Amino acid sequence: MKTDLPDLMIDIETLGLRPDAVIFELAAVAFDPTTGDHGQSFKAEINIEDAYLHRLTSDEETRRFWDERGGPRQGEAQPLRVVLDHLAGFIGDMNPKAIWSWGSDFDFPILGNAYLRAGLDCPWRHYQQRDARTVYKLVFPEEKRRGIDHNALNDCLRQIKDIAFAINYSRSI
Ligand SMILES: [Mg+2]
């Protein structure tokens with residue numbers, strides 16, 4: 001399945017901020033950063049106990065953040081290795097030119113570490129990584145984004161909308 005949408009947006013929800021944090025939810029959405037068009041998507045929940053078994057960690061503050069919001073979603077949770085393997089398959093199918101996340105130092109290193117701990121190859125190359133926050137902040141340095149959902153799929157869609165808006169705004173001035 002090849003898509004005419006060149007890039008992927010990814011987002012993860014975690015129980016910590018360190019590069020070895022537990023990921024309990026992730027999503028990826030095919031999109032075009034110049035138009036904001038989006039298509040095929042992947043989303044999954046990861047079993048937290050299984051993530052701990054792979055020596056991933058959490059911090060108290062982030063656990064509290066989620067506890068105050070009803071706890072991390074686990075209704076459809078699958079083992080870490082299964083989810084990462086499926087994500088790798090999705091990325092392979094999409095064959096994206098670039099993979100974006102909001103910031104360069106959160107989603108990429110945490111996901112990269114999870115692949116390492118799961119004993120799987122990371123499904124992208126370092127030169128495919130793009131940082132949407134940097135692009136957005138170049139265009140809107142003072143803008144404070146509000147209403148972030150902290151739902152990986154919704155956050156991907158929001159990030160696609162914001163980055164496409166920033167790119168088009170910068171081209172129109
Ligand atoms: Mg998020």
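The values are calculated or read from the model by the stated rules, or taken from the named source; none is laboratory data. Since we're looking at a predicted model, the values are computed, not measured. When we count neighbours, we look across all protein chains shown, and the Cβ atoms used for this are built from the backbone with ideal geometry, even at glycine.
Buried (at least 16 other Cβ atoms within 10 Å of the Cβ), more than 16 Å from the ligand (Cβ to nearest atom), aliphatic (A, V, I, L, M) and part of a helix (DSSP H, G or I): is that true of residue 111 in this structure? So residue 111 does not fit the description; no. Out of the residues in the stretch 32-62 that are outside any loop (DSSP other than H, G, I, E, B) and among the polar types (S, T, N, Q), state the one that is farthest from residue 92 (Cα to Cα). The residue in question is 62. The C-beta contact set for the stretch 137-153 (first residue modelled with pLDDT of 95 or more, second residue within 12 Å of the ligand (Cβ to nearest atom) and of a type in the set (Gly, Ala, Ser), distance under 8 angstrom, 6+ apart or interchain) comprises 152/27; 153/27.
Inside the stretch 138-173, residues that are touching a helix residue (DSSP H, G or I) at 6+ places or on another chain (Cβ under 9 Å), assigned to a helix (DSSP H, G or I) and under 19 Å from residue 105 (Cβ atoms) make up a count of 4. Return the residues of the stretch 142-158 that are surrounded by 16 or more Cβ atoms within 10 Å (Cβ to Cβ) and either more than 12 Å from the ligand (Cβ to nearest atom) or more than 16 Å from residue 103 (Cα to Cα) (or both); say none if nothing qualifies. Passing the criteria: 151, 153. With respect to the conditions (1) in contact with a Ser or Thr (Cβ under 9 Å, 6 or more places away or on another chain); (2) more than 19 Å from residue 153 (Cα to Cα); (3) surrounded by fewer than 21 Cβ atoms within 10 Å (Cβ to Cβ); (4) not aromatic (Phe, Trp, Tyr), residue 58 lacks only one, and its number is (3).
Report, by residue number, each residue of the stretch 63-80 that is assigned to a helix (DSSP H, G or I) and over 12 Å from residue 23 (Cβ atoms). Residues satisfying the conditions are 63, 64, 65, 66, 67. Just one of the listed residues (27, 21) is crowded, with 16+ Cβ neighbours inside 10 Å, under 18 Å from residue 108 (Cβ atoms), touching a Lys or Arg at 6+ places or on another chain (Cβ under 7 Å) and not acidic (Asp, Glu), and it is 27. Out of everything in the stretch 117-137 that is part of a loop (DSSP other than H, G, I, E, B) and not aliphatic (A, V, I, L, M), what residue ends up being surrounded by the most Cβ atoms within 10 Å (Cβ to Cβ)? Step by step, filter the stretch 117-137, then rank; the result is 124. Can you find a residue in the stretch 115-129 that is within 16 Å of the ligand (Cβ to nearest atom) and under 17 Å from the mean Cα position of the chain (by Cα)? No, the stretch 115-129 contains no residue that is within 16 Å of the ligand (Cβ to nearest atom) and under 17 Å from the mean Cα position of the chain (by Cα). Taken as a whole, the stretch 64-71 holds no residue that is touching an Asp or Glu at 6+ places or on another chain (Cβ under 9 Å) and among the basic types (Lys, Arg).
Do you know which residues across the stretch 61-82 are crowded, with 17+ Cβ neighbours inside 10 Å and more than 16 Å from the ligand (Cβ to nearest atom)? Those that are crowded, with 17+ Cβ neighbours inside 10 Å and more than 16 Å from the ligand (Cβ to nearest atom): 77, 80, 81. Taking (1) within 26 Å of residue 135 (Cα to Cα); (2) more than 17 Å from the chain's Cα centre (by Cα) in turn, residue 41 satisfies each apart from (2).
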